[in-house]
Amino acid sequence: MKEAAAALERGLHELALGLPAQAYEQLLGYLALLQKWNRTYNLTAIRDPVMMVSHHLLDSLAALPELPPGALADVGAGAGLPGIPIAIAEPQRAVTLNDASEKKGAFLRQAAIELKLVNVRVHAGRVEDWRPDPAFEVVICRGFAALADFISACRHLISRGGVLAAMKGVYPRDELARLPPGCDCADVRRLRVPLLDAERHLVLCRLGA
């Protein structure tokens, strides 16, 4: 865990996000929870804590500077990525974590309690059946689905003027060519993730009136 702690410290320094004082310890606490629950809940295929830092924590936080403000929903959150790191980094932002699995929902609730994330709520259930009120300014997903499927499943969750944010690896040229009508996804931003030698992109989609 000492190597993971050092990797996290180095990565956060490179990101230079200006995090709250307690964020580093909370992120380490989250990492410990992932390792503990992963043994029985199979939350992530990554077992090495140093790789969890780069592929999960820093990968999630790298999107932060590109996101607009406002209430955020993380759909298909799974182990809480990117929603929990975002909630830790921005305690003033309301974050709702969604996953269809009740088992993963139980982990997300426990993580929010143990990490004292008062800005986090959890909604377990199919995103297609979810009707939040009010809607969200930002709806984000990380590996949830193809871009067109993400938009179709989640467009009802965003408020007027809101953004659907899809975290992707390589530039998703083929997915961008198969968008549903009435959706502008031309705003694609390349992300730099410390300690990760791989392409990452954030696709910001806005719906037409």
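Only the coordinates and a few stated rules stand behind these numbers; no lab work does. Here the structure is a predicted model, which means the values were calculated and not measured. A quick note on method: Cβ atoms are made from the backbone with ideal geometry, for glycine too, and the neighbour counts reach across all protein chains shown.
Derived scalar couplings between HN and Hα for region 79-85 equal 7, x, 10, x, x, 5, x Hz in order, rounded to whole Hz, by the Karplus curve 6.51 cos²θ - 1.76 cosθ + 1.60 (θ = phi - 60°), x for Gly and Pro.
Taking 1.306 mPa s as the viscosity and 10 °C as the temperature, the Stokes-Einstein diffusion coefficient of region 1-83 based on its alpha-carbon Kirkwood radius rounds to 118 µm²/s. Spin-label model, Arg190/Ala106: points 7 Å from Cα along the beta carbon direction are separated by 4.4 nm.
Using C-alpha pairs below 8 Å separated by at least 6 residues, the relative contact order for region 73-209 is 19 percent.
Matching the structure-derived Cα extents along the principal axes in Å against the labelled list (1) 49, 33, 30; (2) 48, 45, 35; (3) 59, 33, 33 gives the label (1). The Leu207 and Arg126 beta-carbon pair, evaluated with R₀ = 25 Å, returns a calculated FRET efficiency of approximately 0.75. Left without a cysteine partner by the 4.7 Å Cβ rule in the chain: Cys141, Cys154, Cys183.
Residues whose amide H comes within less than 5 Å of that of Asp187, counting only those at least five positions distant or on another chain, are Leu204 (H built at 1.01 Å from N in the peptide plane). Amide H contacts of Glu137 (H built 1.01 Å from N, in plane; Pro and chain starts excluded): Ala71, Ser159 sit under 5 Å, all sequence-distant by 5 or more or on other chains.
Full extension of the chain between Glu3 and Arg47 yields a length gain of 14.4 nm, computed as 0.36 nm times the residue separation minus the alpha carbon distance. DSSP finds beta bridges in the chain, and of those with both partners inside it, around 40 percent are antiparallel. Computed from backbone phi with θ = phi - 60° and the Karplus coefficients 6.51, -1.76 and 1.60, the 3J(HN,Hα) list for region 89-104 is 6, 10, x, 7, 8, 6, 10, 10, 9, 10, 8, 5, 7, 5, 5, 5 Hz; x is used for glycine and proline. Computed from label points 7 Å out along Cα-Cβ, the spacing between Arg155 and Lys116 is 4.3 nm. Evaluating 6.51 cos²θ - 1.76 cosθ + 1.60 at θ = phi - 60° for every residue in region 129-134, the Karplus couplings come out as 9, 7, 10, x, 9, x Hz, glycine and proline recorded as x.
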